[in-house]
1. List the pairs from A:K87/B:K26; A:K246/A:K278; A:K26/A:K53; A:K26/B:K156 whose alpha-carbon separation is above 23 Å, in the order I gave them.
2. For chain B, just list the percent of Cα-Cα distances falling in each 5 Å bin from zero outward, please.
3. Net charge near A:N265, counting Lys/Arg +1 and Asp/Glu -1 over other residues with Cβ under 11 Å of its Cβ?
4. So if each residue of separation counts as 0.36 nm, and I subtract the Cα-Cα distance between A:A241 and A:L268, what length gain in nm does that give?
5. Compute the normalised compactness of the range B:1-66: alpha-carbon radius of gyration over 2.2 N^0.38 Å, N being the residue count.
6. Just from its helices, what would the mean residue ellipticity at 222 nm be for chain B, if runs of 4 or more DSSP H residues each count -39500 (n - 2.57) and the sum is divided by every residue, rounded to the nearest 500 deg cm²/dmol?
7. Which residues of the range A:15-62 end up with at least 30 Å² less accessible area in the presence of all protein chains than when their chain stands alone, using a 1.4 Å probe?
8. Where nothing but the Cβ of Lys and Arg (+1) and of Asp and Glu (-1) is charged, how large is the charge dipole of chain B around its Cα centre, in debye to the nearest 20?
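The values are calculated or read from the model by the stated rules, or taken from the named source; none is laboratory data. These figures come from a predicted structure and were not determined experimentally. Backbone-built Cβ (ideal geometry, glycine too); neighbour counts: all protein chains shown. Ligands, DNA and RNA are excluded from the accessible area calculation, which covers all protein heavy atoms including side chains. Shrake-Rupley method; radii C 1.70, N 1.55, O 1.52, S 1.80 Å.
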Amino acid sequence: MTDNTDFPRLTPSDDRLPSPEKLFRKPEDLTDEQFDLLAAARAEDALAGDSLKEFETMLESFPAKRVRAESFRKVRLTPPDDRWEGKEKMLRKSPMAVTVRRTVLITLAAAAALSAMITLGPSIIRQKPSSTSLQIQGSAVVSEVLIPAASPVTVYRTEVAVEKSRGIPVIHERDPHTRTDVAAGPERVLPVTADHHPSVPVLMASADIHGLVPLKRADIVPVLTPEKESNWILRSISFLAGAITKEEKTVDGYMIANACVNGINDILGWDMELEEVKNKSGEQAKVSFSSSLLSFSAPMNKNQP
Amino acid sequence: MTVKEYNSAVREFGDNIYRFIYRSLKDSHRADDIVQDTYEKLWLCVTEIEYAAVKSWLFTSAYNRMIDVIRKDSRLVGLEQYDDSSLYAEESSADLNELLHRALERLPAAQRSVILLRDYEGYSYREISDITGLNEAQVKTYIFRGRVALRNYLEKASVWQ
């Protein structure tokens, strides 16, 4: 103990470890596990300074251990050629690309809608119920008669009006009791259409009409109906197609619509389908459209301009 | 990071992340899910991450996700459960790299991951430490012990007598 009573401290005694030599270790005393760990560290270049020097000294003394230590350098994995298949799914579009894509989509959709309208529009219009459904069909004779202004004109349906055996239209006289006297006055021109079909309306005019006589069927000359023409859009596209391909081409609405649908399928990977259904005579009868969202079928009227 | 850089990260590091996870789990479907989740997560914070740091971020995120999956499946084998006796060779005809990969499958997940990051990607101990959340001393210990286990496997497979 020190003499300083204010700060008393213990002075270490001169005690010594009896045999420290017993605790000293030599490199060859390392266990195999310890050696392997050091060898692995050496192979990783993780040993440095005195540690490395000491280990190298030991290896020089024991060549067998050097071989073992060197073998750790071969314990290295080579990356295999594993590929991630989902890579493309994770790619993102830039805002500009998204805008362009949307614009193209809208344009294509509009083109498809226009094509569908060209193809199916006339058929849909034709299907609309209207008074025109009662119009005289297949007119055989178109003529005009002069009818006095005072003469009443009545139009009604009757099978009696047609002489079925000969199929010749007949102009019936009105009931003599209801007959209206012809008055002096201006005459009027009335178109008269007659048909041999029993279901069509037959014009009944006043009995005072002079010059109207029953016709024989042989006398009826069918009026030539002008050939139906395709509308101006199809004519234009056909003309362009002919000019480009140098071949005579007739493009119809179905071809355009089908091309649009196929183009959209190719670009966007959709699965829309436009199918043309023909009748027994090989003419276009209807068009069927099907997609995951919408399916419909509409009859096609190829004669409708 | 821009969208272009994000896509570049998908193309450049996608295979590496997948390989790391797949070789760690030996399950291609789970690996695919984890890598997809990782990139979805990256996309959510794409503007906050610099491209220079994205590879490390991807590996860290994928590693953490993988650990979650392993824990959920109760398949995590801790280092204390490591059993060297399981490293028995099945055949000695395979080449060295194939044998090493077979041996790798028998290592505990932590050792396997750090060795994969070291050998496949060439990461430093510090980088591996950042990715795995282990300290550098742990990383070194896992790698050295893993190497010893791999070497012992090869020895038992009669590659080295």
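1. Beyond 23 Å between Cα atoms: A:K246/A:K278; A:K26/B:K156.
2. 1, 9, 18, 19, 19, 15, 9, 5, 3, 1, 0
3. On the way: positive: none; negative: A:D266, A:D271, A:E273.
Net charge around A:N265: -3.
4. That works out to 7.2 nm of additional length.
5. Dividing the Cα Rg of the range B:1-66 by 2.2 N^0.38 Å gives 1.03.
6. The per-residue figure over chain B is -23000 deg cm²/dmol.
7. SASA drop of 30 Å² or more in the range A:15-62: A:L37, A:A40, A:E44, A:A46.
8. Details: 22 positive and 26 negative charges, 49 e Å.
Computed about the Cα centre, the dipole is about 240 debye.
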